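Below is one structure, written out as structure tokens, with a few remarks after it.
Readers should treat all values here as calculations from the given coordinates under stated rules, not as data from a laboratory. All values reported here derive from a predicted model rather than from experimental measurement. Here the Cβ positions follow ideal geometry from the backbone for every residue, glycine too, while neighbour counts run over all protein chains shown.
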Amino acid sequence: MSLMVVICTGNSCRSPIAEGLLKKEYAGRPGWEIISAGTSAVPGARPMPEAVSAAAELGADISYHTTRRVNRQLMDQASLVIAMTGFHAEWLKQHFPDNADKVFTLGELTRGGCTGDVPDPIGFSNEVYRKIAGLLKRMIDRAREEISERMEGRA
């Protein structure tokens, strides 16, 4: 089993949208599990309604999602950890130094085009959530090969 973990802060907006989009992208990939977590998540909360709506517009269902906090077990089991920002990536590397080689920002995995951090939409309008979901989709599309290689141990 290869585990991909997507990380943001609260695990209620960006990382669940990315998780949903990645699950849609890699549906049917045998032996892959894709989950998300947050550096400061309160476990068991629901995703933001705006995030659920924005993901649904792109064909990803995250209505089932409940928040979780990243921990040593997730980091040790992960084959690939995708952070939404450079800050998240650095935080993960500091708190889980034995797993630092698995941690990348989504921007680092893209091949041309989108790079950089994924802004946090919390507290903003539905339109901002739609823009962030669209950005995540574009970045995931551009990171497809790199993600596959890392999850299959070829990178």
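The mean sequence distance of close C-alpha pairs (under 8 Å, at least 6 residues apart), as a share of the length of the stretch 2-151, puts its relative contact order at 27 percent. Ellipticity at 222 nm from helices only: DSSP H runs of n ≥ 4 in the chain, each -39500 (n - 2.57), divided by the residue count, give -13000 deg cm²/dmol. Dipole magnitude for the chain: about 140 debye, using +1 per Lys or Arg Cβ and -1 per Asp or Glu Cβ, origin at the Cα centre.
Sites listed here are chymotrypsin sites (Phe, Trp or Tyr not before Pro) in the stretch 26-77 whose DSSP assignment is loop and whose Cβ has at most 12 other Cβ atoms within 10 Å: Tyr64.
Shape class of the stretch 2-151 from the Cα gyration tensor (axes a ≥ b ≥ c, square roots of the eigenvalues): rounded, since a/c falls below 1.5. Taking every alpha-carbon pair under 8 Å whose residues sit at least 6 apart, the stretch 18-88 reaches a relative contact order of 35 percent. The lysines whose alpha-carbon is closer than 27 Å to the alpha-carbon of Lys131, local same-chain residues fewer than 8 away aside, are Lys23, Lys24. When the Cα positions of Gly116, Pro47, Ile35 are compared along the charge dipole of the chain, Pro47 comes out farthest toward the positive end, with charges on each C-beta of Lys, Arg, Asp and Glu.
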